[in-house]
Amino acid sequence: MTNIILLGPPGAGKGTQARKLVEERGMVQLSTGDMLREARTSGTEMGKKVAAVMDAGQLVTDEIVIGLIEEKLSTVKAPGFIFDGFPRTLGQADALGDLLAKHGSTLDAVIEMRVDDAALVARITGRFTCGDCGEVYHDVTKPTKVPGVCDVCGSTNLKRRADDNEDSLRTRLMEYYKKTSPLVGYYYHAKKLHVVDGLAEIEAVAAEIAKVLDNPAT
Ligand code: AMP
């Protein structure tokens, strides 16, 4: 069993790489962002509570996201989990360590996807996804072959996130540097950190991640 964290600012490519690992290795992606968006769509009380915070690009409380992860770890069986967008604070990082220990499991590697900030705005503002299968596209770098139709599943339900605009992105980046980037030092000293170049081609990044997964202790 291999459990990893994909760490990096919005637009670093965490979701894209997580999807590949799910397809290729049967790992299970735990994205707190996806869970929160699902709670909003299904109109739960929690979903309503976090909607404005998410749209503004701020972090929701540790209590809420730790609760979501705890529930998944108690109910989902997997050959390995990919934590995508979690943890985002030191409190969440401590809680994850405790939760994994409680389930007799450990964290094997943290992969920091390092990117140049100037690239992030362009990456994020052109981004859209398939609402049915989750495939990620970009207006310029990865458009659909047929406009308006998902290459993978043929759906026409293509969506843009409400928080993928320049204002929210600026807040999301500030939140990342203020609250999430300390995790780089935290995991470096826990001897779990691996750094990959998030600006490389998707396949090249995937190859770097595969190397870590095949030998997480190095
Ligand atoms: P993401 O899809 O990971 O970019 O997350 C979208 C939004 O959901 C973030 O901007 C936050 O508002 C919220 N969110 C997702 N994961 C977390 C987390 N681990 N801690 C706090 N807020 C989160």
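The values are calculated or read from the model by the stated rules, or taken from the named source; none is laboratory data. All of these numbers come straight from a predicted model, not from anything done at the bench. FYI the Cβ positions are ideal-geometry reconstructions off the backbone, even for glycines, and counts take in every protein chain you see. In case anyone asks, the SASA skips ligands and DNA or RNA and just uses the protein heavy atoms, side chains included. Shrake-Rupley method; radii C 1.70, N 1.55, O 1.52, S 1.80 Å.
In table form, for the structure just shown:
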| read-out | value |
| --- | --- |
| Criterion violated by Met1 - all others in (1) more than 23 Å from Glu112 (Cβ to Cβ); (2) open to solvent by 50 Å² or more (accessible area, probe 1.4 Å) satisfied | (1) |
| Residue list for the stretch 77-109, restricted to those being free of Cβ contacts under 8 Å to residues at least 12 places away in the same chain and within 16 Å of the ligand (Cβ to nearest atom) | Asp94, Gly97, Asp98 |
| Qualifying residue in the stretch 170-180 (condition: part of a loop (DSSP other than H, G, I, E, B) and either among the polar types (S, T, N, Q) or more than 16 Å from the ligand (Cβ to nearest atom) (or both)) | no |
| Extreme residue, farthest from Ala118 (Cα to Cα), among residues of the stretch 5-55 that are near the ligand (Cβ under 9 Å from one of its atoms) and basic (Lys, Arg) | Arg37 |
| Residue in the stretch 30-41 that is at pLDDT 95 or above, out of contact with any strand residue (DSSP E or B) (no Cβ under 6 Å at 6 or more places or on another chain) and acidic (Asp, Glu) present | no |
| Pairs, first farther than 13 Å from Ser31 by Cβ in the stretch 64-76, second within 14 Å of the ligand (Cβ to nearest atom) and part of a helix (DSSP H, G or I), C-beta under 7 Å, six or more apart | Ile64/Met46; Ile64/Val50; Ile66/Gln92; Ile66/Ala95; Glu70/Leu99; Leu73/Leu99 |
| Every residue from the stretch 5-58 that is free of Cβ contacts under 8 Å to residues at least 40 places away in the same chain and open to solvent by less than 20 Å² (accessible area, probe 1.4 Å) | Leu36, Ala39, Gly47, Val50 |
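One line per residue, one yes/no per condition, for (1) surrounded by 14 or more Cβ atoms within 10 Å (Cβ to Cβ); (2) in contact (Cβ under 8 Å) with a residue 12 or more places away in the chain; (3) more than 16 Å from the ligand (Cβ to nearest atom):
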| site | (1), (2), (3) |
| --- | --- |
| Ala118 | no, no, yes |
| Phe128 | yes, yes, no |
| Val136 | yes, yes, no |
| Thr141 | no, yes, yes |
| Lys145 | no, no, yes |
| Asp151 | yes, yes, yes |
| Thr156 | no, no, yes |
